[in-house]
Amino acid sequence: MNEISRIQALLLIDPVRWPLLEVVRALNLPDCWVGAGFVRNAVWDHLHGRAVSPLTGDVDVLWFDPARATPDEDRRLEAILHTLHPAVKWSVKNQARMHTRNGNAPYRSATDAMRHWPETATAVAVRRTAQDTCEVSAPLGLEDLFDLILRPTPRFEVEKRDIYESRIASKHWLTTWPLLRCEKGSGCT
């Protein structure tokens, strides 16, 4: 079974994540995905031989539509999601505007935006299709995610290195998932 199939199989049997993907799909947003820890943590739990841990932090919903790229629109969508599933802390971000906050060139799509996230293992997202399957987007590949390797994406290797290292420390990943390994010279211990 390849890595995409493994993610699909994990999410299909997840009693929390699979229904949440339907809630997000119902918004019918263009180029819309749920990513980051939503997927990463489920995979890391599986690779550590444990049941999927509860959702912690926010559920990151990313989408792309230059015609609706305002913070107010994202807040409106978060309110809708909160009404539909109030137990979840939703974070909705139209990636058509996020390049300005991150100091990057404009993104071309939600998948393109993920290339600029801090860690390779975090740059993965999924969406539930109309055919009730799970589509996976991983612009930087899935090797680091499944090999349990923490590695910064190119912008975070040097220029934004402090952000990358701060995330690893503050999120306590190495304690929560002790089989994780840091890429040599990645600055995490």
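Are any of the residues in region 124-139 in a helix (DSSP H, G or I) and at pLDDT 95 or above?
No, there is no match, as no residue in region 124-139 is in a helix (DSSP H, G or I) and at pLDDT 95 or above.
Table: residues versus (1) β-branched (V, I, T); (2) in contact with a helix residue (DSSP H, G or I) (Cβ under 9 Å, 6 or more places away or on another chain); (3) surrounded by 15 or more Cβ atoms within 10 Å (Cβ to Cβ).
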residue	(1), (2), (3)
L81	no, yes, yes
S91	no, yes, yes
Y107	no, yes, yes
P118	no, yes, yes
V124	yes, yes, yes
A130	no, yes, no
L148	no, yes, yes
W177	no, yes, yes
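Quick check on region 14-25. Is at least one of its residues free of Cβ contacts under 8 Å to residues at least 12 places away in the same chain and within 29 Å of L148 (Cβ to Cβ)? Even if it seems obvious, please write down each step before you answer.
Keep residues of region 14-25 that are free of Cβ contacts under 8 Å to residues at least 12 places away in the same chain, which gives 15, 19.
Adding the requirement that they be within 29 Å of L148 (Cβ to Cβ) leaves 15, 19.
Yes: one or more hits.
Restricted to region 40-74, and to residues that are charged (D, E, K, R) and surrounded by 14 or more Cβ atoms within 10 Å (Cβ to Cβ), which residue is nearest to D144 (Cα to Cα)?
Ranking the candidates gives R40 first.
Give me the pairs, please: first residue somewhere in region 42-70 and modelled with pLDDT of 95 or more, second residue anywhere and assigned to a loop (DSSP other than H, G, I, E, B) and small (G, A, S), beta-carbon distance under 8 Å, and either six or more positions apart or on two chains.
Taking only residues 6 or more apart or on different chains, the pairs are D45/A51; D45/S53; D60/A36; F64/S109.
Looking only at region 170-188, count every residue that is out of contact with any strand residue (DSSP E or B) (no Cβ under 7 Å at 6 or more places or on another chain) and modelled with pLDDT under 90 and tell me the total.
3
The values are calculated or read from the model by the stated rules, or taken from the named source; none is laboratory data. On a predicted model such as this, the values are computed, not experimentally measured, just so you know. A quick note on method: Cβ atoms are made from the backbone with ideal geometry, for glycine too, and the neighbour counts reach across all protein chains shown.
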